[in-house]
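Before we start, here is the structure in question, set down as structure tokens.
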Amino acid sequence: MAGSGIFAEIIGGDVFNYYSDGQWNKSSSGKFVPIINPTSRKIHFKVQACTQEEVNKAIESAKVAQKLWAKTPLWKRAELLHKAAAILKEHKAPIAECLVKEIAKPAKDAVTEVVRSGDLVSYCAEEGVRFLGEGKFLVSDSFPGNERTKYCLTSKIPLGVVLAIPPFNYPVNLAVSKIAPALISGNSIVLKPPTQGAVAALHMVHCFHLAGFPKGLISCVTGKGSEIGDFLTMHPSVNCISFTGGDTGIAISKKSAMIPLQMELGGKDACIVLEDADLDLVAANIVKGGFSYSGQRCTAVKVALVMKSVADTLVKKINDKVAKLTVGPPEDDCDITPVITESSANFIEGLVMDAKKKGATFCQEYRREGNLIWPLLLDNVRPDMRIAWEEPFGPVLPVIRINSVEEGILHCNASNFGLQGCVFTKDINKAILISNAMETGTVQINSAPARGPDHFPFQGLKDSGIGSQGITNSINMMTKVKTTVINLPTPSYTMG
Ligand code: G3H
């Protein structure tokens, strides 16, 4: 159960504490932030509403702790990360239970998220000792006009304090994808979890606490974005921000100081289906890609661009699979569970109604109960409908029938997003040419978009973000290059 067993110290009364300076604390604000269960729509958990002063203390402790941590041998950093990963995996059940209650993630997927997170932390530890254990050696006489009088040594050093802001849909996994690279690189970390998902994140942080990381190196502050959001992102002692979420990221990048930013801000991932595609494979991928976790993934298939000649057959195959999706509470491990908030459900409904008014074909009847929206495929969507461009983050998927591949590519590239896309065809040459033409960070050939495996590079173009993620890229991004140049005596002083 949440907040019990080894997690008992993270809760005080009925409010979960925040973590700073190596301990679990109650906020002096005397206030809490309620966490609404998307299924019951009632308060399920409460977390501390930290004050700016408490956030400031956490950042300042992180700054102090980082100096010593940077001097801790790489293999020791890796050892602690492996320990945290093992504790996390061992205690997957209570953490997964939080994900079920806070974000309505289907029970099995919730366990998968925690296990994947442990694996990510371990992989990061292994990758870090190798990647950061290497530097460069340069000699000066390869540049015109120079003698061999300078030896240049480069290595990678930490940035300082990394601020991690993960989203509600992966509050554990997308938190550790920032925490682990930061720590292995010698940085300290301040985590601001999403409100929904905060309790799962606090449990995860406790696993790091139990692993024995130094005091102050990791903190997790909870509270209202309106109270502590700007304070965190504009804090002069923050040296790097890694953010995943919506367009708040654009505002952060405008306000933040001159520090490295890693931003992943959503997508309108297009799926282009050619005439020669294996339509059973396409249907399976569209249903999995479009509807898993009720479409609340930045990498979900968000628009299917299908060649007219195969559209009828494909739509039928998709509908047959949609009919088999189970709809209901996350505790029952249903495929489709309530979306995160009532306002999200209202937004999704707005997109659906706009499409209806403008003449889209509803392949299923539109149905909603509270935050639960039944899966819906919208056929014959046209570019004048909002759903052709906007990201529903829900279980509704538009199909646009196209006359040519060029039309599909044009639609994909006209989007302000550019995260991932996919193309289905048996012709590998065509697939590669289409991938080259699509303005997205990644193109999957014959599979739905996905971030993982977690060591693959992951990045968005345009409004989908800046910087590249994936374990190695994140480690690289959270370090800077340090150079030492050894100046030798000029040749005239040397023998011969
Ligand atoms: O929601 C954004 C995530 O980065 C998507 O990750 O492809 O593993 O579901 P995923």
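The values are calculated or read from the model by the stated rules, or taken from the named source; none is laboratory data. Predicted, not measured: the structure shown is a model, and the values here were computed from it. Note that we place each Cβ from the backbone using ideal geometry, even for glycine, and neighbour counts take in every protein chain shown. Quick note on the areas: whole protein, heavy atoms, side chains included, nothing else; ligands and nucleic acids left out. Shrake-Rupley method; radii C 1.70, N 1.55, O 1.52, S 1.80 Å.
Report, by residue number, each residue of segment 49-107 that is of a type in the set (Lys, Arg) and not in a helix (DSSP H, G or I).
Those that are of a type in the set (Lys, Arg) and not in a helix (DSSP H, G or I): LYS71, LYS105.
On to the next question. Among VAL221, VAL287, VAL301, which is modelled with pLDDT of 95 or more and more than 16 Å from the ligand (Cβ to nearest atom)?
Result: VAL221 is the single residue among VAL221, VAL287, VAL301 that is modelled with pLDDT of 95 or more and more than 16 Å from the ligand (Cβ to nearest atom).
Could I ask something else about it? Would segment 241-249 turn up any residue that is within 21 Å of the chain's Cα centre (by Cα), hydroxyl-bearing (Ser, Thr, Tyr) and in the same structural domain as GLU406 (by TED's automatic domain parsing)?
no
Ok, one more. When you go through PRO489, PRO453 one by one, which is the residue that is part of a loop (DSSP other than H, G, I, E, B), open to solvent by 50 Å² or more (accessible area, probe 1.4 Å) and away from the ligand (no atom under 14 Å from the Cβ)?
Every option except PRO489 fails the conditions.
Then there is this: Name the one entry in VAL100, VAL114 that is under 18 Å from PRO181 (Cα atoms) and of a type outside the set (Phe, Trp, Tyr).
VAL114
Could you please give the count of residues in segment 237-286 that are assigned to a loop (DSSP other than H, G, I, E, B), acidic (Asp, Glu) and in contact with a helix residue (DSSP H, G or I) (Cβ under 9 Å, 6 or more places away or on another chain)?
3
Follow-up. Test LEU279 against the stated conditions and say whether it is away from the ligand (no atom under 16 Å from the Cβ), free of Cβ contacts under 8 Å to residues at least 60 places away in the same chain and not charged (D, E, K, R).
Taking the combined requirement at face value, the residue satisfies it.
Can you tell me which residues in segment 357-371 are touching a strand residue (DSSP E or B) at 6+ places or on another chain (Cβ under 7 Å) and either in contact (Cβ under 8 Å) with a residue 24 or more places away in the chain or of a type in the set (D, E, K, R) (or both)?
ALA360, CYS363, GLN364
Also, quick follow-up: So, in segment 218-276, how many residues would count as being within 21 Å of ASN187 (Cβ to Cβ) and of a type in the set (A, V, I, L, M, F, W, C)?
17
Which one is farthest from GLN420 (Cα to Cα) among residues in segment 469-483 that are open to solvent by less than 60 Å² (accessible area, probe 1.4 Å) and more than 13 Å from the ligand (Cβ to nearest atom)?
THR479
Quick check on segment 149-167. Is at least one of its residues under 22 Å from ALA49 (Cβ atoms), assigned to a helix (DSSP H, G or I), open to solvent by 10 Å² or more (accessible area, probe 1.4 Å) and within 16 Å of the ligand (Cβ to nearest atom)?
No: segment 149-167 contains no residue that is under 22 Å from ALA49 (Cβ atoms), assigned to a helix (DSSP H, G or I), open to solvent by 10 Å² or more (accessible area, probe 1.4 Å) and within 16 Å of the ligand (Cβ to nearest atom).
Continuing with the same structure: Assuming PRO181 fulfils every condition listed in (1) away from the ligand (no atom under 16 Å from the Cβ); (2) farther than 30 Å from PRO38 by Cα apart from one, which condition is it?
With (1) away from the ligand (no atom under 16 Å from the Cβ); (2) farther than 30 Å from PRO38 by Cα applied to PRO181, the lone miss is (1).
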